[in-house]
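S.K.: This structure is in structure tokens; I'll ask about it shortly.
The values are calculated or read from the model by the stated rules, or taken from the named source; none is laboratory data. Worth saying up front: this structure is predicted, and the values here are computed from it rather than measured. Positions of Cβ are generated from backbone atoms using ideal geometry, with glycine treated the same way; all protein chains shown enter the neighbour counts. Side chains are part of the model used for accessible areas, which takes the heavy atoms of the whole protein and leaves out ligands, DNA and RNA. Shrake-Rupley method; radii C 1.70, N 1.55, O 1.52, S 1.80 Å.
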Amino acid sequence: MKSTKNNIRFYSIHGLVLILFSVAGCFGDSAFRSTTLAELKADNDGDGFNETQGDCNDADKSIYPGAPEVCDDGIDQDCNEKDISCNDVDNDSDGYTENQSDCNDTDAKIYPGAQEICSDGIDQDCNGKDLDCKDVDDDKDGFTENQADCDDADAATYPGATEKCDSPKDYNCDGTILNCKDVDNDNDGSTANVDCNDADAKIYPGAQEVCSDGIDQDCSGKDLDCKDVDDDKDGFTENQADCDDIDAKTYPGAPEKCDSPKDYNCNGVILNCKDVDSDNDGFTANVDCDDSNASINPGAKEQ
């Protein structure tokens with residue numbers, strides 16, 4: 001209430017301003033003013049509130065500030081200037097109304113974010129569908145049954161898990177049991193099925209042999225004899241009668257050089273030039289008096 005010098009009284013009741021004039025001499029005395037104030041302060045419906053206290057209908061005791069609202073009845077029971085929508089009422093007291101996406105406001109276990117019970121046919125968390133138990137990661141290994149976890153009760157079993165060879169269990173869910181012989185323990189590219197020493201990465205089928213070291217590097221079943229190695233790349237090894245396997249001009253059948261100190265063809269003899277028939281007349285220099293002329297030889301006709 002506010003007073004002015006002209007004895008004008010202002011009252012604000014629920015948004016409406018009531019101006020009471022009490023000018024001396026105009027109305028005789030203050031009876032008008034006193035009667036009006038008394039009426040405003042009266043609780044006509046006995047609900048504990050009068051008009052000056054915000055009772056927006058003092059003829060109905062079910063209407064007063066803070067009264068229980070009846071939703072969607074078109075009446076403002078709590079005097080907040082609007083009727084409440086039933087969709088704004090939390091009927092099951094779970095903290096959510098229909099306008100807050102509660103998909104079943106008669107069940108306190110159903111609301112946005114509620115704990116789902118998988119495959120029970122009920123959408124507890126109001127996400128539009130029931131949770132499939134196969135979409136639950138029971139063993140917390142990062143994979144569900146619908147993500148190909150073949151044992152969702154064992155956290156060591158999931159797609160891509162480390163296999164244990166010769167175990168009866170398929171840990172990586174690939175549908176096969178790992179045989180230890182299918183494991184490449186030394187990471188040389190060959191498994192124990194074919195690797196004759198799967199603990200040594202230098203030993204595997206096709207590996208480079210070290211001859212006569214007593215080790216079968218290439219898994220051929222035997223060590224390589226150094227005499228079976230063609231060191232000079234002439235096509236013959238020592239075990240193939242190469243009498244000098246570091247000289248590519250020396251091997252069985254190689255061209256001989258007469259009177260050379262070397263046995264190029266590995267036949268065990270040094271070729272004497274006198275044993276050579278240089279003119280191919282059938283006689284060597286031992287008997288041919290001119291082994292550079294095929295018409296001169298023992299037995300030729302004299303001219």
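S.K.: Rounded to the nearest 10 degrees, what's the angle between the helix 31-41 long axis and the longest principal axis of the chain, both from Cα atoms, 0 to 90?
M.R.: Taking Cα atoms only, the helix is inclined about 40 degrees.
S.K.: Of the heavy-atom accessible surface of the range 236-303 (probe 1.4 angstrom), what whole percent is carbon and sulfur?
M.R.: On the range 236-303, the fraction of accessible area on carbon and sulfur atoms equals 52 percent.
S.K.: While we're looking at this one, here's another question. Taking residue 41 as the anchor, which aspartates and glutamates have their alpha carbon closer than 18 Å to its alpha carbon, excluding any fewer than eight residues away along the same chain?
M.R.: Within the straight-line cut-off, residue 41 pairs with 51, 55, 58, 60.
S.K.: Taking the range 141-181 as the region of interest, what is the percent of Cα-Cα pairs per 10 angstrom bin, listed from the shortest bin to the one with the maximum distance?
M.R.: P(r) for the range 141-181, in whole percents per bin: 36, 51, 12, 0.
S.K.: I'd like the antiparallel share, as a percent to the nearest 5, of DSSP beta bridges with both residues in the chain.
M.R.: The antiparallel proportion sits near 100 percent.
S.K.: Moving on to the next point. How long are the three semi-axes of the equivalent ellipsoid of the range 91-224, in whole Å, if each is the root of 5 times an eigenvalue of the C-alpha gyration tensor, listed from largest down?
M.R.: Those come to 60, 11, 9 Å.
S.K.: What accessible area per residue, rounded to a whole number of Å², is obtained for the chain using a probe radius of 1.4 Å?
M.R.: Accessible surface, normalised per residue, equals 64 Å².
S.K.: Please compute the Kirkwood hydrodynamic radius of the chain from all pairs of different C-alpha atoms, in Å with one decimal.
M.R.: With all distinct Cα pairs of the chain included, I get 33.2 Å.
S.K.: In whole Å, largest first, what are the principal axis extents of the Cα atoms in the range 182-230?
M.R.: 35, 16, 14
S.K.: Using R₀ = 22 Å, calculate the FRET efficiency as 1/(1 + (r/R₀)^6) where r is the Cβ-Cβ separation of residue 129 and residue 107; round to 0.05.
M.R.: 0.85
S.K.: Heavy atoms only, probe 1.4 Å: what % of the accessible area of the range 95-139 goes to carbon and sulfur, would you let me know?
M.R.: Its accessible area is 47 percent carbon and sulfur atoms.
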